[in-house]
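Single-structure report; data block below.
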Amino acid sequence: MLIARRIECARGNGRWEDDVSIIAWLVLGLIAGFIASRIVNRQGEGLLIYIVVGVVGAEIGGLLFRLFGMSGVTGLNVYSLLVAVLGAVVLLFTYHRLIRRYI
């Protein structure tokens, strides 16, 4: 399957870049969610939670960075990981503050 996608991409018919970008978002989300969870909670949450927190955190971090005139997530690199981790920390911190207040 993977080889067939590369052949299609070489012919110009496939969307290899779309598949790679989705995988890159998942990897970035997984790493960022894991790091942010360790910073805020100091305990594990689970693979799916890490990915969701990391991807949503990347969006939040990108929004915050753009508000200050900087670029958001630019790919699978250290800068984007920093943006995603900071956004995920903001997300988890806000979530835990709301949970403690209303429960």
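Any read-out appearing in this document is the output of simple, stated calculations on the displayed coordinates, not a laboratory observation. Being a predicted model, the structure only gives us computed values, none of them experimental. Cβ: placed from backbone, ideal geometry, glycine included. Neighbour counts: every protein chain shown.
Quick look at the values:
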| read-out | value |
| --- | --- |
| The stretch 20-102 - Kirkwood radius from inverse mean 1/r over Cα pairs (Å) | 12.4 |
| Unit charges on C-beta of K, R, D, E only; dipole of the stretch 20-102, Debye | 320 |
